[in-house]
Amino acid sequence: MSGVRTGRPNGRPRGLTPLTPEQIEQLVGSLTVGAGLALAAKVIGISRSGLRNLMNDNEALRERIDDARAIADDVVEKTLYKLATDGKNPLACLAWLHNRRPLEWRQRREFFDAPGSSEPVQIVFKFPESSQQPQQPQAEVQVQ
């Protein structure tokens with residue numbers, strides 16, 4: 001029956017079963033303590049794509065999920081702040097600055113030969129051939 005309209009959408013029907021209140025609470029609880037969407041979906045017995053479909057169809061559910069994930073992010077942010085400000089964890093300091101001031105602390109930087117120069121300097125790291133003794137890479141500076 002090619003070309004005949006049957007009144008159904010093309011493709012496989014989305015048999016989305018609404019979540020029970022208990023499933024929603026389990027889902028939100030899992031996300032609040034830091035679980036990702038895949039794990040939280042598994043906890044309530046659905047697939048990650050099924051959870052995404054439910055989120056797309058239900059604005060209130062999506063808001064609850066976003067709020068739960070924000071709570072977990074806030075906990076990590078507070079912990080990172082404590083680690084960065086005690087001065088004992090330089091990686092925490094860098095992580096904080098990379099996220100809060102990305103323009104100033106991004107990984108890629110342009111270096112110029114002299115103040116006011118428009119010629120960038122290229123730094124090339126040369127790693128030694130594999131050998132028995134681990135060695136530090138050698139840096140070579142080239143003006144383009």
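What follows is calculated from the coordinates using simple rules that are stated; it is not laboratory data. Everything numeric in this text was worked out from a predicted model, so none of it was measured.
Miscellaneous remarks
- Using θ = phi - 60° in the Karplus curve 6.51 cos²θ - 1.76 cosθ + 1.60, the 3J(HN,Hα) couplings for region 38-54 round to 4, 5, 4, 5, 5, 4, 9, x, 10, 7, 4, 5, x, 5, 4, 4, 4 Hz; x is entered for Gly and Pro.
- Karplus-derived 3J(HN,Hα), 6.51/-1.76/1.60, for each residue of region 99-105, Hz, glycine and proline x: 8, 8, 9, x, 5, 7, 10
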